[in-house]
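First up is the structure itself, then whatever we jot down about it.
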Amino acid sequence: MPVEAHDLRATAAAYPPERHWSSYSSPLSPLLNTSMVRVLRRPIEFAQCAGVNVQIESTSDEQSSLDDQQIQRIRRKSISVLAAGQILGGLGSGATLTLGSLLIVNVSGLDELAGMAATMNTLGAAVMALPLAMLAQKFGRRVSLSTGALLAASGVTIIIASAFLRYWPLLLLGMLVLGTGSAMNLQSRFAATDLSSKSTRGRDLSVVVWSTTIGAVIGPNLFEPGEELARFISLPSFTGGFLIAMCAQLIGVLVYWVGLRPDPLQIAQQRAAVHTQKAQLRRSGWNILKNIPAARRAVLTVALTHLYMVSMMSMTPIHMQHQGANLTLIGITISIHVAGMYALSPVFGWLTDKAGARTIIFAGQALLITASILVWIDSESHTVTTFALLSLGLGWSAATVAGATMISGAVGISERPQLQGTSDLCMNLAGVLGGLSAGPVLGAVGFQGLAVVLLIFAMLMIAVNLKPNSSDAVYD
């Protein structure tokens, strides 16, 4: 006589969520759907009660039966894991900003290649945005983010090898691969919204964005300890900081692989499949942009905001240097700008949930416009330039947090990773375009002229978000 399968609801009621056997994993997990293993589950539960540590991976049905309290516990845990991973991942991008340009010049002997470190890093993030999104779509955030961190660490290996070989094209390739870490960090902010509701999506996303501040601040300061480490283990100059960043990325692999169990995206997809009777759509990101106006506006807003910020920020050190500012003052100005980009992101996330994404996007554009006006009024004043860069960072933060929140709510969970990956691709390509075009514009019309030209993009972003479409929907 066949033995009946154990009732999942009864088991969930019998065990507290944190001790529930469905949260464990085992080599038996591929067989979980067989009747034999379903028969064996009851003895395993008794073994656990006796103190035996038996681990079994949860099945789709078990994950979809999680109650709201368990979901919220997993949501909070996932956000903490993502924030920790964001700090570790930010060290790589932070190191690239300072050490990358110095290392390229040291290896190649060409000052003209100094800016290629940031360019190749951004290009790498753009190239890897969609592949990482497809990994998340098929295998979940845990696999996608762990793979991204592992690839970023391998990029550092290529960078150090190129420094030994004194071969700068290989160094550029390493910077490109290291850019995977930036793509991973961008995906992390979206991963924070997988289990969020409409009322918490902005705050959850912004907490992970805020965590970037720590890595972005620490990364550029790895120069001295990194050089001490490089000399101690006989590495080439300017590579010690990258080695520290590689160790951080490898720790990030473990953080994501261990911490994102169960996977928040897979839980959200399974719950959506249970609660939705019709088939879940799986369109490409480009197809979504073609057919959904809300998604198109949100992606355009995030991309153009990033272009605006990169164009003005990348030319500020050159402009200030021409005005007689020393490196210390330039560094303080950029640090204040970076603080504006990230430090108040939780505030903008909370405001997005309370006032709506479109309202905060308009506020962000107002801050970007303020930055341009300040530069136009008195670009020769270092104080005014610093306030302009602060306003630029705050405007970027407000518009990016609100725009990313709109992206996450524009489609259902089954299509969200593809749209998010497409958005990251557009955002990074816009950054590359802004960085490459800002120099010629600066040479032609000066820093004030560049600030005025950028106003066109702010006006465009206001125009596309001015009138909401009646067909817009915000998904859970």
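The values are calculated or read from the model by the stated rules, or taken from the named source; none is laboratory data. Quick caveat, the model's predicted, so the values are computed rather than measured. All Cβ positions, glycine included, derive from the backbone under ideal geometry; neighbour counts span all protein chains shown. All accessible areas refer to the heavy atoms of the entire protein, side chains included, with ligands and DNA or RNA removed. Shrake-Rupley method; radii C 1.70, N 1.55, O 1.52, S 1.80 Å.
The condition of being without any contact (Cβ under 8 Å) to a residue 12 or more places away in the chain and in contact with a Leu (Cβ under 9 Å, 6 or more places away or on another chain) holds for GLN321. Of the candidates GLY409, GLY364, GLY431, GLY421, the single residue that is touching an Asp or Glu at 6+ places or on another chain (Cβ under 9 Å), assigned to a helix (DSSP H, G or I) and not polar (S, T, N, Q) is GLY409.
Among the conditions (1) in contact with a helix residue (DSSP H, G or I) (Cβ under 6 Å, 6 or more places away or on another chain); (2) surrounded by fewer than 17 Cβ atoms within 10 Å (Cβ to Cβ), the only one that GLY446 does not satisfy is (1).
Is it true that some residue in the stretch 264-280 is modelled with pLDDT of 90 or more, over 20 Å from ALA399 (Cβ atoms) and either of a type in the set (Phe, Trp, Tyr) or open to solvent by 10 Å² or more (accessible area, probe 1.4 Å) (or both)? Yes, the stretch 264-280 has at least one match.
On the stretch given as the stretch 108-123, residues that are open to solvent by less than 50 Å² (accessible area, probe 1.4 Å) and not in a loop (DSSP other than H, G, I, E, B) total 8. Counting only residues that are in a helix (DSSP H, G or I), more than 21 Å from GLY395 (Cα to Cα) and open to solvent by less than 70 Å² (accessible area, probe 1.4 Å), the stretch 291-303 holds 1 of them. Residue selection: ILE336 fails the criterion of being more than 17 Å from the chain's Cα centre (by Cα), crowded, with 23+ Cβ neighbours inside 10 Å, at pLDDT 85 or above and not in a loop (DSSP other than H, G, I, E, B). Based on what the data block shows, is SER144 small (Gly, Ala, Ser) and over 28 Å from SER397 (Cβ atoms)? In short, no.
The listed residues are SER196, SER182, SER144, SER162, and the only one of them that is in contact (Cβ under 8 Å) with a residue 12 or more places away in the chain, in contact with a Lys or Arg (Cβ under 8 Å, 6 or more places away or on another chain) and of a type in the set (Gly, Ala, Ser) turns out to be SER196. Within the stretch 398-409, residues that are in contact (Cβ under 8 Å) with a residue 12 or more places away in the chain reach partners that are open to solvent by 10 Å² or more (accessible area, probe 1.4 Å) and of a type in the set (Phe, Trp, Tyr) with beta carbons closer than 6 Å, at six or more positions or on different chains, in the pairs ALA398/PHE348; VAL401/PHE348; GLY409/TYR475. Counting only helices (runs of 4 or more DSSP H) wholly contained in the stretch 128-244, the ones carrying 3 or more residues that are buried (at least 20 other Cβ atoms within 10 Å of the Cβ) occupy 141-165, 168-178, 180-191, 201-218.
Count of the stretch 304-324 residues, restricted to those that are among the hydrophobic types (A, V, I, L, M, F, W, C) and open to solvent by 10 Å² or more (accessible area, probe 1.4 Å), is 6.
Scanning the stretch 355-366 for residues that are closer than 25 Å to SER196 by Cβ, of a type outside the set (Val, Ile, Thr) and open to solvent by 30 Å² or more (accessible area, probe 1.4 Å) gives ALA355, ARG358, PHE362, ALA363. Give the stretch 375-405 a look and list any residue that's closer than 14 Å to VAL452 by Cα, assigned to a helix (DSSP H, G or I) and open to solvent by 50 Å² or more (accessible area, probe 1.4 Å), or say none. Passing the criteria: TRP376, ILE377. Just to be sure before I move on: is GLN249 open to solvent by 50 Å² or more (accessible area, probe 1.4 Å) and at pLDDT 80 or above in the structure I sent? So GLN249 fails the test. Being farther than 22 Å from VAL411 by Cβ and in contact with an Asp or Glu (Cβ under 6 Å, 6 or more places away or on another chain) is a property that holds for GLY240. Looking at THR328, THR352, just one residue is open to solvent by less than 40 Å² (accessible area, probe 1.4 Å) and either β-branched (Val, Ile, Thr) or over 20 Å from TRP210 (Cα atoms) (or both), and that residue is THR352. Of the residues examined, LEU455 is one that is part of a helix (DSSP H, G or I), at pLDDT 90 or above and open to solvent by 10 Å² or more (accessible area, probe 1.4 Å).
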